[in-house]
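Derivation of every value follows stated rules applied to the coordinates shown; laboratory data play no part. Since the model is a prediction, treat every value here as computed from it, not as a measurement. Cβ: placed from backbone, ideal geometry, glycine included. Neighbour counts: every protein chain shown.
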Amino acid sequence: MAQADFPAKYKVEEVKKRKELLELPIASPHDKPIKVNIGPSHPAMHGTIKMVAELVGETIVNIDVEPGFLHRGFEKMMENHNYVTSLPYTDRLNYVSGFINNFGYVGTMEKMFGIEITERCAWLRTLFAELSRITDHYTCQAAICSELGAMTPFLYFMQARDYLWEHFNWATGARQTYSYARIGGLARDVSDDWLKKCKDILLSNIPLLKDIHGMLDKNRIFLDRLHGVGVISEEEAINAGITGPFLRSTGSNYDVRKAMPYLKYNELDWEVPTGKYGDNYDRYYVRMREIEESFKICMQCFERIPEGPINSDDYQAHLPDKEEVYNSIEGIINHFKIIIEGPRVPKGSIYNAVEGANGELGFFLVSDGSGSAYRLHVRAPSFLIMGTLDKIIIGHQLADIIPIFGTVNMVGGECDR
């Protein structure tokens with residue numbers, strides 16, 4: 001599998017030297033730690049996070065990370081709405097990559113129903129999922145740059161992301177939270193012109209990414225803030241249940257798209273980028289490489305998306321066409337029953353996972369045969385990362401909290417319970 005290509009001077013010896021420094025006495029034995037509250041109002045804490053750090057000088061000797069609350073109660077909301085009207089809540093999990101949440105949720109429903117989606121739908125979902133992954137990584141990398149004072153690459157990332165977000169608007173009618181998926185298909189099709197314009201946008205992003213690599217990859221200040229900071233081993237990451245770029249930065253190549261292929265990923269040519277040392281720089285660089293791999297996947301999708309319907313013929317799950325609703329009694333009755341009662345999912349339980357931008361995004365559904373979930377649990381990837389955040393912060397300096405937390409890419413929407 002592909003590995004990040006690091007500048008020659010930053011090798012294992014550099015990481016060892018940093019670790020040795022951390023093991024030196026950090027202060028006089030007579031010094032007493034002081035407590036400092038960081039967040040939730042601090043801009044780098046992203047709204048809800050509070051950290052209570054114990055400091056001796058500038059060194060963190062202990063820290064308590066409190067994820068906070070958005071008071072959304074996603075899982076309980078899903079149990080009190082039917083399967084169709086619950087769909088918009090999935091957009092608000094990782095709200096930076098809503099398509100992936102949509103497709104993971106409806107994929108769970110389709111497994112329970114035994115619905116086979118059409119070829120065009122499968123290819124379009126693959127395309128939109130990778131476009132969503134690109135915009136999520138753009139946002140994460142931009143936040144890291146902004147919080148470290150690198151404003152120029154921050155603006156470049158935002159510019160590249162906005163090109164795609166505005167284009168999503170033309171396909172879905174929304175810029176960020178889309179509710180674009182349907183059980184058995186998609187809300188609406190896209191035109192050939194839309195696909196051509198999307199390809200042009202991705203190609204126009206390549207010069208921006210080259211400029212960002214030129215500004216950051218060998219920038220001494222950027223490297224000093226990231227390299228050897230926030231190190232986690234592959235074993236520690238796996239034991240904590242961490243997945244996604246955070247795990248792959250340690251050298252593990254686990255990716256749901258390869259391990260448990262879905263949609264069209266097993267028909268495409270792409271690699272799983274991995275890091276070496278599991279530090280902040282690895283997490284930054286793995287995401288940059290994943291952006292490139294997502295570009296490759298999208299370009300192959302553009303060439304292979306077939307013509308045909310986007311919805312399956314199974315009308316027990318997805319809404320009928322508007323023309324049918326307006327012009328036939330059967331259509332309006334079917335529409336009414338799906339919206340009011342919800343489709344009747346067979347009794348049983350199932351777990352379905354997709355590769356989210358932060359790792360394995362899983363939906364565990366328990367059905368009692370009614371139109372609403374008896375129990376629906378979400379395996380939120382960034383929530384699991386938060387559980388081990390204190391271990392990789394302790395021993396570093398106060399200022400190191402900012403880049404460490406930035407490379408986590410915590411999204412409060414999927415952490416909230």
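Normalised by the residues of the range 227-302, what does the relative contact order come to in percent, with Cα pairs under 8 Å and at least six apart? Could the numbers behind the result be given before it?
Numbers: 101 pairs, mean separation 28.1, N = 76.
Averaging sequence separation for qualifying contacts and normalising by length gives 37 percent for the range 227-302.
Near residue 50, the amide H atoms lying under 5 Å from its own belong to 66, 68; only residues 5 or more places off or on other chains count, and H is placed 1.01 Å from N.
Work out, step by step, the length gained on full extension between residue 325 and residue 85: first 0.36 nm times the residue separation, then minus their alpha carbon distance; give nm to one decimal.
Length difference between fully extended and current span is 84.6 nm.
Applying 1/(1 + (r/R0)^6) with R0 = 51 Å to the Cβ-Cβ distance of residue 77 and residue 32, what FRET efficiency is obtained, to the nearest 0.05? After rounding, the FRET efficiency stands at 0.65. For the range 200-212, 3J(HN,Hα) computed residue by residue from phi via the Karplus equation (6.51, -1.76, 1.60; θ = phi - 60°) reads 4, 5, 4, 5, 6, 6, 4, x, 4, 5, 4, 5, 5 Hz, glycine and proline entered as x. Normalising the average separation of contacting C-alpha pairs (under 8 angstrom, six or more residues apart) by the number of residues puts the relative contact order of the chain at 26 percent.
Between residue 221 and residue 349, the simple spin-label model (points 7 angstrom out along Cα→Cβ) gives 5.3 nm. Residue-wise HN-Hα couplings along the range 192-198, as the Karplus relation 6.51 cos²θ - 1.76 cosθ + 1.60 with θ = phi - 60° gives them from phi, are 4, 5, 5, 5, 5, 5, 4 Hz; Gly and Pro carry x.
Relative to the longest principal axis of the Cα atoms of the chain, the long axis of helix 98-113 lies at roughly 50 degrees.
With equal scatterers on the alpha carbons only and no solvent term, can you work out the Debye log10 of I(q)/I(0) for the range 142-207 at 0.20, 0.23 1/Å? With no solvent term, the Cα-only Debye profile gives -0.86, -0.98.
Of all DSSP-defined beta bridges confined to the chain, some 95% are antiparallel rather than parallel. Peptide packing: for 181-193, 64-76, 272-284, the average count of neighbouring Cβ atoms within 10 Å per residue gives the ranking 272-284, 181-193, 64-76, highest mean first.
Scanning residues 5 or more positions from residue 375 or on other chains, those with amide H under 5 Å from its amide H are 366, with H placed 1.01 Å from N in the peptide plane. Each label point was placed 7 Å from the Cα along the Cα-to-Cβ direction; for residue 391 and residue 54 their separation is 1.9 nm. When Rg and the Kirkwood radius Rh are both evaluated on Cα atoms of the chain, their ratio Rg/Rh stands at 1.00.
Could you compute the FRET efficiency for residue 398 and residue 188, with r as their C-beta to C-beta distance and R0 at 45 Å, rounded to 0.05?
0.35
Only DSSP H runs of four or more residues enter the estimate; each adds -39500 (n - 2.57), and after division by the residues of the chain the mean residue ellipticity at 222 nm equals -15000 deg cm²/dmol. Taking every alpha-carbon pair under 8 Å whose residues sit at least 6 apart, the range 144-290 reaches a relative contact order of 19 percent. Using the Cβ-Cβ distance between residue 341 and residue 258 with R0 set to 41 Å, the FRET efficiency works out to roughly 0.60. Amide H contacts of residue 63 (H built 1.01 Å from N, in plane; Pro and chain starts excluded): 54 sit under 5 Å, all sequence-distant by 5 or more or on other chains.
Quick one: 394, 232, fewest Cβ neighbours within 10 Å first, how do they rank?
Ranking 394, 232 by Cβ neighbours within 10 Å, fewest first, gives 394, 232.
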